[in-house]
Amino acid sequence: MVSSGVEKSLLAGDRRERITPLLLFSCMVAASGGLLFGYEHGVSGGVISMESFLKEFYPGVYEEMKEDGKTNNYCKFNSQLLTLFTSSLYISGLFASLFASHATTRFGRRFSMRVGGVFVFAGAIIGGAAINFYMLIFSRILLGFGVGFTNQSISLYLSEMAPAKYRGAIFNFHDICLTGAILSANLVNYGSQKIPAGWGWRISLGVAALPAAFLAVGSLFIPETPTSLIQRGFDVHQVSRLLQRIRGTADVGEELDQLIVAATDAPTSVTTGLRPLRRITGRKYRPQLVMSLALPIFQQLVGINMVGFYAPVMFRTVGMKESASLLSAVVMRVTATATNLVATPLVDMVGRRVFFLVGGLELFLSLVAAGGVMAAKLGDHGNMSGEYARVLLALFCLFISGFAWSWGPLPMLVTSEIVPLEIRSAGRSIGVAAGFLFTAMMAQGMLFILCHLKWGIFFFFGGWVFVMTLFVFFFLPETKGLKLEEMERVWKGHWYWKRFVEEEEEEEFAGMIKGRS
């Protein structure tokens, strides 16, 4: 852990910084990228539960859903082609995030935001106009490329623009945008499914073009991060003036010096191409690599795909009608958005670890309880009574609130702030790619797992929540209040990770002595 003296010194320096209008506007535009990912995240489950959409593209699934007495409750929606509608976006995003690493470093964070916005805009228009399955999947691939670029670049932009003492709150605004977009998607789904002609799903898919256009245009009016400008060789005096405008003070010499030193240690030739991906595998960066992989992977093993993507499907499984299942998903997203708003001012005061641990306990209890209700009250055929369906909805709301202030926003925040400049873009790309890979796996396999594990799926994810909460307790140090350039201190003071950092430094020092002799 960081010593209290060092932490107080850093926080005292941060008091010179404040939230300026330029900083607020820039971070709001960048954080709006969460609208893109959140809307696509939320719209999928609702669309695939709409009867008009299923009749158009998945008639076999529609027929099985209607045969209530013959098909197992847990297997009504078990179709690999149906889950491909969701997973194709994340498979595409996985590959896009790897390309985004080079583009974000070479051309800047704003460039990747614009590219992502254009891809999402095109995908939304094509999806809303789709007339066959191939056109539908092509639109999902374009959407995946878009969110791959935006997820990689926005996290870098926010971490580099935000003052240390406000970084958690600013990142949480991104998650508010994300959960708000999921809520909007649920509301759009709820309204569009009521259109008698049956083409409401086109509105659901096409509305994604609006936030995409906002991000693409908005990124033209915000500055590039000072870190990116220095890294790409811009004039130091120009960067200093920009930094003064962002921080609202002329006293930016210390921060500017830290950025210059970091950029000198990590020239563009080292941070582009495949070299950062090779460099991050070195022993010195073992803590950052493990966290960049583990946190996004664990985020998907919480079970959020089951409750997030497929909440309307889950409620159809227990016997709710189409409209009621979509309305229940809206209630869950209202809960998530409210929780985000509560957590925003607290994450920089309380710290990341506390929210991870408390949220983990909340997730574990809600999953175990939901599994017990499903095991006791829902058989292979027939419906669950309305009373127990409402209990299940309450447990899902408890689950989603725990996720909204822990494993929802924090993996992106932590993996963005712990990685040094020389491997920052590569580290973030690895995190985004790992998240997309496991999101795709979970999205593609979720309904298959539900069909075979039935109510046991809740205990499956509950076991993973228990494991990952222990992982955070033992291996994740607290990072609140620290500048990005000071983040290496948390590893040197950690009981386990310090052996990797100290041994690497000793080897580098021995090599320097040997070279001089």
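For a paramagnetic label modelled at 7 Å from the Cα of Phe99 toward its Cβ, which residues of the range 142-158 fall within the zone defined by backbone nitrogen distances under 13 Å? Of the residues in the range 142-158, 142-150 have backbone N under 13 Å from the label point off Phe99.
Here each label is just a point 7 Å from Cα along the line to Cβ, and for Arg232 and Phe25 those points are 2.0 nm apart.
Annotation: extensible slack from Leu341 through Asp257 equals 26.7 nm (criterion: 0.36 nm per residue apart, minus Cα-Cα distance). Computed over protein heavy atoms with a 1.4 angstrom probe, the accessible surface ordering of Arg245, Arg202, Arg353, Arg140, largest first, is Arg245, Arg202, Arg353, Arg140. Residues Thr344, Thr264, sorted by accessible area with the largest first, give Thr264, Thr344 [1.4 Å probe; ligands and nucleic acids excluded].
Taking Tyr285, Tyr496 and ordering them by how much accessible surface each has at a 1.4 Å probe, largest first, produces Tyr496, Tyr285. Shown is the FRET efficiency for Ile195 and Arg390, computed with R0 = 30 Å from the Cβ-Cβ distance and rounded to the nearest 0.05: 0.60. Here the range 343-456 is treated with +1 on each Lys and Arg Cβ and -1 on each Asp and Glu Cβ, and its dipole about the Cα centre works out to around 60 debye.
Here the contact order of the range 117-166, divided by its residue count and restricted to Cα pairs under 8 Å and six or more residues apart, works out to 38 percent. Kirkwood radius for the range 196-257, taken over all pairs of different Cα atoms as the inverse mean of 1/r, rounds to 14.8 Å. For the range 71-200, carbon and sulfur atoms together expose 75% of the accessible surface, with a 1.4 angstrom probe and every protein chain in place. Computed in the context of the full set of protein chains, the accessible area of the range 408-454 at 1.4 Å probe radius has 78% of its extent on carbon or sulfur.
Compared with the direct C-alpha span, the chain from Val354 to Ala375 gains 4.4 nm at full extension, assuming 0.36 nm per residue. Net charge of the neighbourhood of Val347, taken over other residues with C-beta under 13 Å away and scored Lys/Arg +1, Asp/Glu -1, is +1.
The values are calculated or read from the model by the stated rules, or taken from the named source; none is laboratory data. The structure displayed is predicted, hence computed values, not measured ones. Here Cβ is always computed from backbone atoms with ideal geometry, including for glycine, and neighbour counts include all displayed protein chains. For the accessible areas, the whole protein counts, side chains as well, though only heavy atoms, and no ligand, DNA or RNA atoms are used. Shrake-Rupley method; radii C 1.70, N 1.55, O 1.52, S 1.80 Å.
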